[in-house]
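Just so you know, all these numbers are worked out from the coordinates, no wet-lab data involved. In this text the structure is predicted, and so the values were computed from the model without any measurement. For neighbour counting, all protein chains shown are included, and Cβ atoms are generated from backbone atoms with ideal geometry for every residue, glycine included.
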Ligand SMILES: [Zn+2]
Ligand SMILES: [Zn+2]
């Protein structure tokens, strides 16, 4: 028995080293608590800022933080030290269509003359500025509503994002981690992604109490939910109100509790209420 112990100890040590080499090396991952992202992201921002100041960029570490935003959306921000790049991603519904958006280059322009582009939204300025690819072009075009296009333009303009990818369950952007997308702006970038993902998750549903179509937020599995309390909603409930500004429907009590429209970035103050019957 005692003869086997050193062997076991060596094997255990080897296993630990292997795991460290495979998954842990040079990477810090701090799990975030619900709604705690803002505070915890500061750690990543500080570490990335130090790494970018490093004279030898090849030695800069790769760092990643993940957590859950206040509304329940998962977020993950990764900093690739040697490349000086940042990738920020938030969760969206799993049935979101695949979509790749990047700034249109000269080659893309030539290519478009030969082969029609995957997606044409009809928004000329948008179509001219971006190169759009999707394996499900009809659904991809449908996801690019006015509001979603506006949010995408904002990401490219305000943060110098150079690619945006929507895939099953994830919305992600990538950028050089300098100037417009320096670490001290990642917080704001995550907020914009959260806002964009909410817009992508909204689905038009007939809301009986309001007598017409309004938006309901979908969760990752595509189920429609109250944007505030996350309870399932079908549109058939009696106690629904809708925001006059973004037309998202939710429980009247949830609207009151929040004191306005809880859809990120909307700020609507006036709810549309069911007409009293009788
Ligand atoms: Zn609710
Ligand atoms: Zn609203």
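Quick rundown of the values:
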{"quantity": "Full-extension gain in nm, residue 239 to residue 221, via 0.36 nm per residue minus C-alpha separation", "calculated": "4.1 nm"}
{"quantity": "Separation of alpha-carbon centers, region 59-99 and region 104-180, rounded to whole Å", "calculated": "18 Å"}
{"quantity": "Förster-model FRET efficiency, 30 Å R0, residue 83 and residue 146, C-beta, rounded to 0.05", "calculated": "0.30"}
{"quantity": "Cα-derived Rg to Rh of the chain, Kirkwood definition", "calculated": "1.08"}
{"quantity": "Normalised contact order of the chain, rounded percent, pairs of Cα under 8 Å and 6 or more residues apart", "calculated": "14 percent"}
{"quantity": "Separation in nanometres of the label points that stand 7 Å from Cα toward Cβ, at residue 213 and residue 59", "calculated": "5.9 nm"}
{"quantity": "Residue-averaged 222 nm ellipticity for the chain, from DSSP H runs of 4+ at -39500 (n - 2.57), nearest 500", "calculated": "-10000 deg cm²/dmol"}
